[in-house]
Amino acid sequence: MKLTLFAAKDYDRKYFDRVREEAFPEIEIEYIDYELEPRTAAFAKGADAICAFVSANAGAETLDVLKECGVKAVLMRCAGYNNVDVKKAKDLGIVVKRVPAYSPESVAEHAMTLAMAVNRHIHKAYNKVRENDYTLKGLRGRQMFEKTAGIVGTGKIGAAMCRICKGFGMQVIAYDMYKNPSLADFVEYVSLEELFRRSDLISLHCPLTDDTYHMINIENIKKMKNDVILVNTSRGALVNTDELIEGIRLGKFLGVGLDVYEEETGNVYEDRSDEIMMHSVTSRLLSFPNVIITSHQAFYTREAVIAIAETTLQNMLDAMNGVSTGNDC
Ligand code: NAI
């Protein structure tokens, strides 16, 4: 059986090949450099399934082309699937599966890394010391111990973040529609409103839905404490970037750490260092000294990429054998 893997990076080839050789020799993998979109979908001709990632366009138009190519399954090698038209896929008889959890701790650890980096100005300190500047100007941070962490969404990643914050000696409050029983002994669930009001660190770990789109907007930013740290490792559109910039200019934030941001689709895993950005809000964000942006790398650990390859190839076997699992979208 044949799998066409779109937007293949070196690490995809390395770990997918390794896992395939060890455990899934019956699957043949063709790697395509291009991103999945209506114009590139025809590369899947002859494949039983395709594999795509966070920046793919798996909307209705793409799915129509995939169907014509004979594709029976769309396998997302990530947790989120907001870029797949699942209803259309169902209508076409195409199965959609994903990797719901590959290393929640990897993402949560990166969220805390961003929080601590902006808090202790690591991005500035790194450059200062390299320039032989050993002064402390602009480097004062804040102790996290005994501060309040507000975690939005306490699924797998949010729960891992709660445990990390507890390890820092923080008081942990959270907002979710469903309480996670594994956190009962140390997390206090509050309303979103109260979370915005009380938190010194706010970290977003809920999915992007109609309800959560632009949940960080100027109205909510104004409810936050002054000198709050905001971290987003979930999905860019949880934050209204223009209004975040307005909040930064109002002096609301001690720091902002973003692994995801609204404009990321054209950037993710691309080298655009020679380009002049014309109307980029990302460039505007990067002009602030208290903002750190990484490019959708929170998941990227050795443990996670192996787990992604293993689950995706198992999803392929399940899809081809008509087996439904918890990985179905
Ligand atoms: P999960 O499904 O285990 O947890 C999501 C939680 O959010 C659930 O508890 C759910 O009840 C809650 N939720 C849903 N709607 C909500 C709302 N309106 N307000 C508050 N909470 C709400 O998902 P997981 O694995 O923890 O992933 C969370 C998000 O992290 C994913 O949706 C994905 O977008 C993002 N992610 C980012 C990665 C990166 O590399 N930056 C890697 C993997 C995931």
By the mean-Cβ-within-10 Å protection proxy, highest first, 36-44, 7-15 rank as 36-44, 7-15
The exposure ranking of 186, 299, fewest beta-carbon neighbours within 10 Å first, is 186, 299
Cβ density ranking, 10 Å radius, fewest first, applied to 95, 152, 86 yields 86, 95, 152
Among 175, 148, 49, the residue whose Cα sits farthest towards the positive end of the charge dipole of the chain (+1 at Cβ of Lys and Arg, -1 at Cβ of Asp and Glu, taken about the Cα centre) is 148
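Let's see if you can work this out: charge +1 on each Lys and Arg Cβ, -1 on each Asp and Glu Cβ, no other charges. What is the dipole magnitude of segment 1-64 about its Cα centre, in debye to the nearest 20?
So the dipole magnitude of segment 1-64 works out to roughly 80 debye.
Helix-derived [θ] at 222 nm for the chain: sum -39500 (n - 2.57) over DSSP H runs of at least 4, divide by residue count, nearest 500? Let's see the in-between values first.
On the way: 11 runs with 115 residues, N = 329.
One gets -10500 deg cm²/dmol as the mean residue ellipticity at 222 nm.
What ranking do 110, 121, 205 get, fewest neighbouring Cβ atoms within 10 angstrom at the top? The partial results should precede the final answer.
Details: 110 22, 121 19, 205 27.
Result, fewest neighbours first: 121, 110, 205.
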If every Lys and Arg gets +1 and every Asp and Glu gets -1 at its Cβ, then about the Cα centre the chain yields a dipole, in debye to the nearest 20, of 1080
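Taking the Cβ of residue 65 as the centre, find all other residues whose Cβ is under 11 Å away and add up their charges (Lys, Arg: +1; Asp, Glu: -1).
Numbers: positive: 39, 45, 67; negative: 37, 61, 64, 68.
Within the 11 Å Cβ shell, the charges total -1.
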In debye to the nearest 20, the charge dipole size for segment 104-293, taken about the Cα centre with +1 at each Lys and Arg Cβ and -1 at each Asp and Glu Cβ, equals 900
From the Cα centre of segment 226-245 to that of segment 82-97, the distance in Å is 30
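Please say if segment 38-169 is rounded, prolate or oblate, where rounded means a/c under 1.5 for a ≥ b ≥ c the square roots of the C-alpha gyration tensor eigenvalues, and otherwise the choice is prolate for a/b larger than b/c and oblate otherwise? Write down the numbers at each step before the final one.
Working: a/c = 4.27, a/b = 2.25, b/c = 1.89.
Prolate shape, in that a/c is at least 1.5 and a/b is the bigger ratio.
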Subtracting the Cα-Cα distance of residue 227 and residue 130 from 0.36 nm times their residue separation yields 32.1 nm
Per DSSP, the loop-located trypsin sites (Lys or Arg not before Pro) within segment 79-161 having at most 12 other beta carbons within 10 Å are 137, 140
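FYI, it's all coordinate maths here, none of it is from the lab. Fair warning: this is a prediction, and the values are worked out from it, not measured in the lab. Cβ coordinates were reconstructed from backbone atoms using ideal geometry, including for glycine residues, and neighbour counts include every protein chain displayed.
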